[in-house]
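Structure first, commentary second.
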Amino acid sequence: MPKTQTFQVDLHGVVDLFAHHLYSSPRVFLRELLQNSVDAITARRQIEPGCPATVRLTPTAEGGLKVSDSGIGLTADEAKELLATIGRSSKKTEDLEAVRVDYLGQFGIGLLSSFMVAEQIEMYARSARDPSAAPILWRGSADGTYTLETISLDEFAAATGSPDPGTMASLRPRHDQEHWLNADTVQALAIDFGGLLPLDVSMQVRLDDGETLWHRLTETVPWRVEYGSNTERDEALSNYCARVFGFHPLAHFDLSVPLVGLDGVAFVLPIATSPAAPNAHRVYLKRMLVGAQVPGVLPPWAFFVRCVIDSTALRPTASREMLYDDDVLLATREALGRSVRDWMVDVLNAETQFRRQFIRTHHLAIRSLALHDDDMLDLAASVLPFETTLGTMTLTEFVEDQGGIRYTSTVEDFRRVASVARAQGLGIVNAGFVYDADVMTRLQTHRPDWTIRALVASDMEQTLTMLEPEEELDCLDYLLAAGNSLQELDCELLLRHFEPAALPALFITDPDIEHQRALRQTRDDVGGLWGGLLDDFSEASNKRRLVLNYDNPAVQALVAATDAEVQDAGTKSLYITAQLLAGEPLRPNDARLMNEALSALLRRTVK
């Protein structure tokens, strides 16, 4: 009988480390076993280039799993050395990274990770490096004990089904983890983790009549397949994208970074997405899946793309579920970003139906990149449609028509002045959407030949027609009375002629005015010494303007009214109307004001 020995580690502690601190899920046990098999086959190919390259997954009648490979195998001495590695490699996470330089996995780590789902593991191995050495049987238990013994070739062949060199690990499930060794689960995990491996990974399938067959789970890397035509390739990659990402792409293009042995394909999302959405990608290392949601592969502005890549040189973290954020990844991210950028430039430079569709769907991505790239900034100015008071047009078209650009930095500011500016023929660009104001700021520096500035209150006031002197005299009493009623609202009252006549009132403000208004509000709230200090920054005359349209019948009736309470209530009602037309929210104080004005008007009506 072989002597029972004890692991030189706290196995329960190590399994807890793997399950709760290193790996995101016990599901990675199969990836670790596949990695061991791939590394074993890689090692055997160094001495036998033409050796078989097979991994066999066999569900057992007891609900367990057998994983066999045609790799290098082990001798008893090698097994003892590798079992000692378990003790070293399981001490801390940093050590786990150090042992994974030349190969995908590491024997001790893969073996221990299986205890997350297995109560007992039996490993049979026969060495291809030393065929004369006796095969071995290693049997480990979740209680922290194991045995290691040599067996005869007949015993090895009876257990594995073949006398050929290789390794077979047989897992007996833990009481609470049986579902991980279910045949359907194992097949799904094997396809997910190892579906692109450059060897034959097959699973035994039992038919209804009791017969068994081997079902191959691996396929050729889709973007490396030689297709009969571009159309056939496009369709195949579109279907592949739908399978792994859940959508058919708007477009796709190849990726390549030879420096890190990387190739792959980028898929353009078919619908618009938020810049804040997770920008994660499917990453393979030597054709073994690292993760299906790996961040940091592309620059943040490339949020409209999902990619699948395979590399031979990127460095995974200890868990092998993410990439180590080092200089290699940084250089790779920059290179992939250039590929995405170049593809976008090619698309935007060609006048096609697809360009219009791409702009309509992913204009935010164009704007985002324009903040970092001068060439894209020029393209954005020439192809992106902007809302203006003259209609929808590009910035280049707007400059050609107006000689420069005046813009509002918020949608509310644009809505406040749009109808009047449109009627007066004043061109204003709505730069209130995401990235637009930043694009304008960049263009001010990048295109000094363009006159670009934010809209200020004086721009609007210049388009409005002053009242004639006799009209001003007729309105003087009203202006004095109504002006006093608006003092509490921190607003000046003006009377002007402007189109459209149906618009009774207009709010005029700009960012500077709003800034001064906020300062005054803070000064009043704080008071005392600190409030006095804010007086140095405040300009008393810098207030919002409520401009009443003297061409509007309702305004003329209000001015002509002889009842002071009616005039006061009517003026405050127009103030609220102008706010709502400008798209501003109705604040509690505004609601109170509206109710008071309505009540006053109703009282006069019922008299």
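In this structure, does R320 turn out to be in a loop (DSSP other than H, G, I, E, B) and basic (K, R)? I'd like the intermediate steps shown before the answer.
Details: in a loop (DSSP other than H, G, I, E, B): yes; basic (K, R): yes.
Here the answer is yes, as R320 does meet what is asked.
Residue-wise test of (1) surrounded by 15 or more Cβ atoms within 10 Å (Cβ to Cβ); (2) modelled with pLDDT of 85 or more; (3) over 41 Å from the mean Cα position of the chain (by Cα); (4) over 24 Å from T463 (Cα atoms).
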| residue | (1), (2), (3), (4) |
| --- | --- |
| N549 | yes, yes, yes, no |
| N552 | yes, yes, yes, no |
| V555 | yes, yes, yes, no |
| A560 | no, yes, yes, yes |
| E565 | no, yes, yes, yes |
| P588 | no, no, no, yes |
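For (1) within 24 Å of the chain's Cα centre (by Cα); (2) surrounded by 13 or more Cβ atoms within 10 Å (Cβ to Cβ); (3) within 19 Å of G432 (Cβ to Cβ); (4) basic (K, R), each residue gets a yes or a no:
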site: V340; (1), (2), (3), (4): yes, yes, no, no
site: R356; (1), (2), (3), (4): yes, no, no, yes
site: H363; (1), (2), (3), (4): yes, yes, yes, no
site: D373; (1), (2), (3), (4): yes, yes, no, no
site: L390; (1), (2), (3), (4): no, yes, yes, no
site: M393; (1), (2), (3), (4): no, yes, yes, no
site: G403; (1), (2), (3), (4): no, no, no, no
Task: Members of the stretch 136-156 found to be among the small types (G, A, S), out of contact with any Ser or Thr (no Cβ under 7 Å at 6 or more places or on another chain) and over 22 Å from D77 (Cβ atoms), listed by number - done: S141, A142
TODO: Could you grab the pairs with beta carbons closer than 6 Å, sequence gap of 6+ or different chains, first residue in the stretch 274-289 and within 19 Å of P316 (Cβ to Cβ), second one of a type in the set (F, W, Y) and outside any loop (DSSP other than H, G, I, E, B)?
DONE: L289/F193
TODO: Go through the residues of the stretch 406-419 one by one and say whether even a single one is over 22 Å from R545 (Cα atoms) and not assigned by TED's automatic domain parsing to the domain that holds E584.
DONE: no
Open item on the list: Looking at the stretch 426-454 only, could you name the residues that are surrounded by fewer than 19 Cβ atoms within 10 Å (Cβ to Cβ) and hydroxyl-bearing (S, T, Y)?
Closed with: T441, T445, T451
- [ ] Name every residue in the stretch 226-243 that is at pLDDT 95 or above, out of contact with any His (no Cβ under 9 Å at 6 or more places or on another chain) and either surrounded by 15 or more Cβ atoms within 10 Å (Cβ to Cβ) or part of a loop (DSSP other than H, G, I, E, B) (or both), in order of residue number.
- [x] S229, R233, Y240
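Within the stretch 465-489, restricting attention to residues that are touching a strand residue (DSSP E or B) at 6+ places or on another chain (Cβ under 7 Å) and in contact (Cβ under 8 Å) with a residue 40 or more places away in the chain, which residue is farthest from R592 (Cα to Cα)? It would help to see each step written out before you state the result.
First pass over the stretch 465-489, keeping only residues touching a strand residue (DSSP E or B) at 6+ places or on another chain (Cβ under 7 Å): 465-467, 475, 479, 482-483, 486.
Pick out the ones that are also in contact (Cβ under 8 Å) with a residue 40 or more places away in the chain and you get 467, 475, 482, 486.
Values: L467: 32, C475: 28, A482: 18, L486: 14 Å.
Among those residues, the one meeting the criterion is L467.
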Open item on the list: If I ask for residues that are on the phi > 0 side of the Ramachandran plot and touching a His at 6+ places or on another chain (Cβ under 8 Å), which ones from the stretch 141-191 would you list?
Closed with: G144
- [ ] May I ask you to list the residues in the stretch 161-184 that are assigned to a loop (DSSP other than H, G, I, E, B) and charged (D, E, K, R)?
- [x] D164, R174, D176
Open item on the list: Looking only at the stretch 136-160, filter to residues that are touching a residue at least 60 places away in the same chain (Cβ under 8 Å) and assigned to a loop (DSSP other than H, G, I, E, B); which one of those is nearest to the chain's Cα centre (by Cα)?
Closed with: A142
Task: Unique match (being of a type in the set (D, E, K, R), touching a Lys or Arg at 6+ places or on another chain (Cβ under 7 Å) and farther than 25 Å from A43 by Cβ) among E119, E178 - done: E119
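The values are calculated or read from the model by the stated rules, or taken from the named source; none is laboratory data. This structure is a prediction, so every number in the text was calculated from the model and none was measured. FYI the Cβ positions are ideal-geometry reconstructions off the backbone, even for glycines, and counts take in every protein chain you see.
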